[in-house]
1. Quick check on my filter: what residues within the stretch 20-50 are of a type in the set (Phe, Trp, Tyr) and under 13 Å from Ala68 (Cβ atoms)?
2. In the list Ala59, Ala68, Ala12, which residue meets the criterion of being assigned to a helix (DSSP H, G or I), at pLDDT 85 or above, surrounded by 10 or more Cβ atoms within 10 Å (Cβ to Cβ) and over 14 Å from the mean Cα position of the chain (by Cα)?
3. Starting from residues that are of a type in the set (A, V, I, L, M, F, W, C) and surrounded by 14 or more Cβ atoms within 10 Å (Cβ to Cβ), keep the ones in the stretch 26-56 and report whichever is modelled with the lowest pLDDT.
Amino acid sequence: MSTHSSSTRTDAGPLRRAATRLRSPAERVGFWGAILIPVSYPLLLVSGPGGSRGAVLFAALVVANVAALLAGHGHNRED
């Protein structure tokens with residue numbers, strides 16, 4: 001026996017479809033971001049640390065890389 005109203009079910013449909021449509025591009029961007037962001041690491045090392053600004057930039061790139069890895073983890077997977 002279900003306690004959900006029919007209006008709740010119909011409202012979830014468009015949201016679920018929108019989430020499904022946006023998931024693939026987000027995974028694609030995350031996947032390629034996770035591949036391309038580390039290219040900047042050697043460039044930062046060659047240009048020198050640059051004091052605290054360089055450290056903040058490096059930390060931001062590492063955080064962006066982790067976020068991209070998480071977002072792109074499911075790209076092109078057959079589940």
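The values are calculated or read from the model by the stated rules, or taken from the named source; none is laboratory data. As the structure is a prediction and not an experimental result, all values here were calculated from the model. Backbone-built Cβ (ideal geometry, glycine too); neighbour counts: all protein chains shown.
1. Phe31, Trp32
2. Every option except Ala59 fails the conditions.
3. Ala26
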